[in-house]
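A short worksheet on the structure shown next.
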Amino acid sequence: LVVNIHPFFGGVPAAEGASNLKLQYNAFASKSQNKEIYIGETGWPSAGQANGRAVPSVSNLETFVRGMMNVNLKYYFFESVDSQWKSGGSYGVEPYWGLWA
C-alpha cells in the first residue's frame, strides 16, 4: 500500500513533523491488515503561507528532513526540486516542496 503523509497540512510545527508522520502512519497501518506500506509522498514546503503552527521555510524543511532521518519507515520525499509551474494551491505551498530550490 502507498499512502501520502504531509504533516504540514496537519498544522503541526516542523519539529513535530516526523513524530506526527509516525502517528498518522500507525493509524493507517492499524487498518492495513498487515500489508506492506510505503509513504509515497512526504516533505515540508520551503515557502508559502503558514497553516497554524506549520510554517513553510527552508529552515523548517531542514528540521523536518533531520527528523525523518530517525524514522524507521519506507518513504519518498516529495519532491526533488521545486515546481514553479504549479499553482499555489492551499496556503500557496504547492510549488515549493523540493529538497533543492
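Could the peptides 52-59, 31-38, 15-22 be put in order, highest first, of the mean number of other beta-carbon atoms found within 10 Å of their residues?
On the way: 52-59: 15.5, 31-38: 9.8, 15-22: 19.5.
Result, highest mean first: 15-22, 52-59, 31-38.
Residue by residue through the range 9-16, which ³J(HN,Hα) values in whole Hz follow from phi under the Karplus form 6.51 cos²θ - 1.76 cosθ + 1.60 (θ = phi - 60°), with glycine and proline marked x?
6, x, x, 8, x, 4, 5, 9
For the pair Lys31 and Ser80, how long in nm is the line joining their label points, each one 7 Å along Cα→Cβ?
3.3 nm
Roughly what would the spin-label model give for Ser19 and Trp100, points 7 Å off Cα along C-beta, in nm?
Inter-label distance under the simple model: 3.3 nm.
Helix-only mean residue ellipticity at 222 nm, the chain, DSSP H runs n ≥ 4 weighted -39,500 (n - 2.57), per residue, nearest 500. What is it? Please list the in-between numbers first.
Working: 2 runs with 24 residues, N = 101.
Result for the chain, helices only: -7500 deg cm²/dmol.
Rounded to the nearest 10 degrees, what's the angle between the helix 58-68 long axis and the longest principal axis of the chain, both from Cα atoms, 0 to 90?
10 degrees
I'd like the carbon and sulfur percentage of the solvent accessible area for the chain, probe radius 1.4 Å, heavy atoms only, ligands and nucleic acids excluded. Don't jump to the answer; show the numbers that get you there.
Working: 3070 of 5780 Å².
Here carbon and sulfur together make up 53 percent of the probe-accessible area.
Consider just the alpha-carbon atoms of the chain and return their Rg together with their Dmax, both in angstrom.
When restricted to Cα atoms, the chain yields Rg and Dmax of 13.2, 39 Å.
Suppose every K and R has +1 on its Cβ and every D and E has -1 on its Cβ; what is the size of the dipole of the chain about the Cα centre, in Debye to the nearest 20?
Computed charge dipole of the chain: roughly 300 debye.
7 Å from Cα along Cα→Cβ at both Ser90 and Tyr38: what's the point-to-point distance in nm?
So the label points at Ser90 and Tyr38 sit 2.4 nm apart.
With an 8 Å Cα cut-off and a minimum separation of 6 or more residues, compute the relative contact order for the range 2-77 in percent.
Details: 116 pairs, mean separation 31.1, N = 76.
Dividing the mean separation by the residue count of the range 2-77 yields 41 percent.
Could you tell me how many cubic angstrom of Cα convex hull volume the range 35-90 has per residue?
On the way: hull volume 6.6 nm³, N = 56.
Expressed per residue, the convex hull around the Cα atoms of the range 35-90 is 118 Å³.
The values are calculated or read from the model by the stated rules, or taken from the named source; none is laboratory data. It should be emphasised that the depicted structure is a prediction, and the values quoted were computed from it without experimental measurement. Positions of Cβ are generated from backbone atoms using ideal geometry, with glycine treated the same way; all protein chains shown enter the neighbour counts. Heavy atoms of the whole protein, side chains included, go into the accessibility calculation; ligands, DNA and RNA do not. Shrake-Rupley method; radii C 1.70, N 1.55, O 1.52, S 1.80 Å.
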